[in-house]
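Working notes, beginning with the structure itself.
The values are calculated or read from the model by the stated rules, or taken from the named source; none is laboratory data. All values derive from a computational prediction rather than experimental measurement. Cβ coordinates were reconstructed from backbone atoms using ideal geometry, including for glycine residues, and neighbour counts include every protein chain displayed. When the accessible area is computed, the model is the full protein with side chains, heavy atoms only, and any ligands, DNA or RNA have been set aside. Shrake-Rupley method; radii C 1.70, N 1.55, O 1.52, S 1.80 Å.
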Amino acid sequence: MYKALKLRYRNWKLKNKLVKENVLFSEDDLVFKPVNVLLIDEIIPEFNKDSGSRRLSEIIKLLLKNDIGVFLLADKKLYRYHSEYIKFYKDLGVIVYEPKIVNGKLLTKEGFIKLISPNLNYAWLHRPKVFKRFSNFIKSTNTKTQIIYDMCDFHYVRLLREYEQNNNEKTKIEAERNLVSEIESCKIADIIFAISDEDKAKVLEHYDDQNKIKVISNIHQPNEKLSSFKEFEKRSNILFIGNFRHKPNIDSVIYLREEIMPIIWKSHPDLVVDIVGSYPTDEVKALHSVNFKILGFVDDVSDYFESSRLFFAPLRYGAGIKGKIGQSLEFNLPLVTTDVGAEGFNFGTYSEAMVANNAEDLAEKVITMYFDEDLWNSVSDYSKTILEPFSLKSIETTILETIN
């Protein structure tokens, strides 16, 4: 009761502020195309902070390129509805929901959906919580709107793997609850997007409707090496990148610092690790040292990819396609990871050199890849082949076969 009253008060304050500032909504701002898609995520996608947001921003660009109307909404409380990324998407041509005043009232997210629903062909809902919150409401405003459930990753699998690491019964219970929720969402959805063939196969173990499930993976464009590409001997340091709102990245960095690097430092004490990523926790910040640098958020990470000798992602749990792996391959930067990190990628004959699953083996793979120039060059050259299934052309074909 108290929370509800507090929320009403804050929205009332927001309304008065918008009235005072004359922030008015005009239906003239709504531009519709022959086909229109509403995308909803938990936040306005922060394309330079996490791989899920980067994937969504590339999908938005593909939709716009094909003259599909794109409407974007974040599942945020109205009084907290601000983001530096709103302008970025509006400049692309996206109609982005923002709280405004219409006919003397505050335009809510639900009110915005009602305004666009008569022209809405698809509602693309990201992650289980967003789907659960909006799917029935959207269908009630227009029964012809096709509801897409974008799983992003199979949360049940990620949580189950976490439980296998920490043996925490609460994690197991959360995993089982997510399984119920995710399968229920699959039943309701008109279309399901899985992030990988592996995730699709795991979903089909619990929900047997193969025709409804399509794979829309991360988008990674294979790149040719330019003349500016730094060769092996001009590079140094190990690189890790990850958003620390995501628990597998926290676990990975702690594992790297406490169990893997001590093995590597025994023979190579001067080797430096750069940890880049938004929202580092206090636990992660505490790991900072001269040769294990916690750098936090970096707006443009290209300098690190272009100067590092090796990308290393010792992920112990998680699910779906790992954007950090694809991003490293985009820069033709050799990497070492685990089976969890490699999921969804085909490393071909180099899999043995790139993948291991315990601290000793990972340390050995890192040392070999870091100091073996011939192996390094071979893996770097093979990056383009690994990324071919994730190209813009491949993903665009799947999207346009679905949204037509």
I need to check one value: relative contact order of region 181-242, counting alpha carbon pairs closer than 8 Å and at least 6 residues apart, in percent. 31 percent
Put THR143, THR108 in order of accessible area, largest first, probe 1.4 Å, and you get THR143, THR108
Any idea how far apart ASN22 and THR349 come out in nm if each label point goes 7 Å out from Cα toward Cβ? 7.1 nm
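At 1.4 Å probe radius, can you tell me the per residue accessible area of the chain in Å²? Mind dumping the intermediate values first?
Numbers: 19100 Å² over 404 residues.
Value returned for the chain: 47 Å² of accessible area per residue.
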How far is the Cα center of region 300-333 from the Cα center of region 1-48, in Å? 35 Å
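Given a 1.4 Å probe and every protein chain left where it sits, what share in percent of the accessible area of the chain is carbon and sulfur? Walk me through the intermediate numbers first.
Numbers: 9130 of 19100 Å².
The nonpolar share, carbon plus sulfur, comes to 48 percent.
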Per-residue SASA entry for TYR350, accessible area with 1.4 Å probe, Å² rounded to 10: 60 Å²
State the Cα centre-to-centre distance between region 108-139 and region 351-404 in whole Å. 36 Å
Let me have the relative contact order for the chain, percent, based on Cα pairs under 8 Å that are six or more residues apart. 14 percent
Heads up, I need the accessible area for SER228: 1.4 angstrom probe, whole protein in place, Å², nearest 10. 90 Å²
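Given the pairs LYS17/LYS77; LYS144/LYS202; LYS49/LYS324; LYS33/LYS65, which span a C-alpha to C-alpha distance of over 19 angstrom in this model? Walk me through the numbers before you get to the answer.
Details: LYS17/LYS77 16 Å; LYS144/LYS202 30 Å; LYS49/LYS324 11 Å; LYS33/LYS65 12 Å.
Beyond 19 Å: LYS144/LYS202.
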